[in-house]
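Asker: Please see the structure below; I have some questions.
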Amino acid sequence: MKAVRLTLLCHALTQAQKSGRLAQPDDGILPLAGEPLAIAPGTQLLAAPERRAAQTAAWLSSQVQSEPALADCALGHWQGLPLKQLQAEQPQALAQWLNDPFCAPHGGESFAHVCERVGVWLMAFDRPGEWLAVTHPWVIRAALVTVLECPLAAAQRIDVLPLSCIELSFTGQWRLRLG
């Protein structure tokens, strides 16, 4: 069995992140300075379908495959709203969403559903070789709690910054690779 090495890279910074607004699928990234991150020869590139992930991936390479399973958490009617507005107008619903991974008061996806979606994708990912997947903070958190088999609530203790990454490997089971 040939090993799978999968790096999950968070998309670049967006204006929504900078201004404290929840994301929308068409949010683009802010201009990137400097050279793109180096990608090892032979690495295949995947990207979540949202614009911010696709733009980050395009900054890295022109050969990108879209992967729907890497889509961000669907935020329903909260999509695009400022966090301060939610804190003022719906503080209980926001607190419930942040503390209960099975809750989706916005009418979108719960974090538990994101974990299920990402977990199914990881278990079916049987493409040997080197892979880089550009995705979102919630998806990276979901991958971590899935691979490490920790409580879903642990995701609230994981900060995923723009352009940060985690490395996973698979040789019969998924493992977190630190290096």
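The values are calculated or read from the model by the stated rules, or taken from the named source; none is laboratory data. Treat the numbers as computed from the prediction; the structure is a model and nothing was measured. As a convention, Cβ positions derive from the backbone with ideal geometry for all residues, glycine included, and neighbour counts pool all protein chains shown. With ligands, DNA and RNA removed, areas are computed over all heavy atoms of the protein, side chains included. Shrake-Rupley method; radii C 1.70, N 1.55, O 1.52, S 1.80 Å.
Asker: What number of residues in segment 20-53 are more than 25 Å from PHE102 (Cα to Cα) and touching a residue at least 24 places away in the same chain (Cβ under 8 Å)?
Answerer: Step one: filter segment 20-53 for residues more than 25 Å from PHE102 (Cα to Cα), giving 26-47, 51-53.
Pick out the ones that are also touching a residue at least 24 places away in the same chain (Cβ under 8 Å) and you get 26-29, 32, 36-37, 39-40, 42-47, 51-53.
Residues in segment 20-53 being more than 25 Å from PHE102 (Cα to Cα) and touching a residue at least 24 places away in the same chain (Cβ under 8 Å): 18 in total.
Asker: Go through (1) under 17 Å from GLN17 (Cα atoms); (2) among the acidic types (Asp, Glu); (3) surrounded by 15 or more Cβ atoms within 10 Å (Cβ to Cβ) one by one and return the number of the condition GLU130 breaks.
Answerer: Evaluating GLU130 over (1) under 17 Å from GLN17 (Cα atoms); (2) among the acidic types (Asp, Glu); (3) surrounded by 15 or more Cβ atoms within 10 Å (Cβ to Cβ) leaves (1) as the failure.
Asker: Counting just the residues of segment 70-90 that are open to solvent by less than 70 Å² (accessible area, probe 1.4 Å) and not in a loop (DSSP other than H, G, I, E, B), which one comes out farthest from ALA16 (Cα to Cα)? Give the steps one after another, and end with the answer.
Answerer: Looking only at segment 70-90, we keep the residues that are open to solvent by less than 70 Å² (accessible area, probe 1.4 Å), and these are 70-76, 78, 80-83, 85-86, 90.
Keeping just the survivors that are not in a loop (DSSP other than H, G, I, E, B) gives 70, 76, 78, 82-83, 85-86.
Numbers: LEU70: 19, GLY76: 16, TRP78: 13, PRO82: 8, LEU83: 10, GLN85: 14, LEU86: 14 Å.
For segment 70-90, the residue satisfying everything is LEU70.
Asker: Please enumerate the residues belonging to segment 67-101 that are touching a helix residue (DSSP H, G or I) at 6+ places or on another chain (Cβ under 7 Å) and either at pLDDT below 95 or closer than 30 Å to LEU6 by Cα (or both).
Answerer: Correct list: ALA69, LEU70, ASP72, CYS73, LEU98, PRO101.
Asker: Take the residues of segment 114-124 that are open to solvent by 20 Å² or more (accessible area, probe 1.4 Å) and touching a residue at least 40 places away in the same chain (Cβ under 8 Å): which is farthest from PRO68 (Cα to Cα)?
Answerer: Among those residues, the one meeting the criterion is VAL120.
Asker: Scan segment 134-155 and give yes if some residue there is touching a Ser or Thr at 6+ places or on another chain (Cβ under 7 Å) and at pLDDT 95 or above, otherwise no. Don't jump to the end; show me each part of the working.
Answerer: As a first pass, look at segment 134-155 and keep what is touching a Ser or Thr at 6+ places or on another chain (Cβ under 7 Å): 134.
Imposing the further condition that a residue be at pLDDT 95 or above reduces the set to 134.
Looking for residues that are touching a Ser or Thr at 6+ places or on another chain (Cβ under 7 Å) and at pLDDT 95 or above, one finds at least one in segment 134-155, hence yes.
Asker: Another question, then. Give the number of residues within segment 55-68 that are in a helix (DSSP H, G or I), among the aliphatic types (A, V, I, L, M) and crowded, with 18+ Cβ neighbours inside 10 Å.
Answerer: Applying the first criterion (in a helix (DSSP H, G or I)) to segment 55-68 yields 55-60, 68.
Filter again for among the aliphatic types (A, V, I, L, M), leaving 57-58, 60.
Next, from what is left, pick out any that are crowded, with 18+ Cβ neighbours inside 10 Å: 57, 60.
Summing the residues that are in a helix (DSSP H, G or I), among the aliphatic types (A, V, I, L, M) and crowded, with 18+ Cβ neighbours inside 10 Å in segment 55-68 gives 2.
Asker: Looking only at segment 6-21, decide whether some residue is polar (S, T, N, Q) and open to solvent by less than 40 Å² (accessible area, probe 1.4 Å). Reasoning before the result, please.
Answerer: Of segment 6-21, the ones polar (S, T, N, Q) are 7, 14-15, 17, 19.
Filter once more, so that each one left must be open to solvent by less than 40 Å² (accessible area, probe 1.4 Å): 7, 14.
Yes, the conditions are met somewhere in segment 6-21.
Asker: Further question on the same structure: Which one is most open to solvent (accessible area, probe 1.4 Å), of the residues in segment 142-179 that are within 14 Å of PRO101 (Cβ to Cβ) and free of Cβ contacts under 8 Å to residues at least 24 places away in the same chain?
Answerer: So, considering only residues that are within 14 Å of PRO101 (Cβ to Cβ) and free of Cβ contacts under 8 Å to residues at least 24 places away in the same chain, the one most open to solvent (accessible area, probe 1.4 Å) is ARG157.
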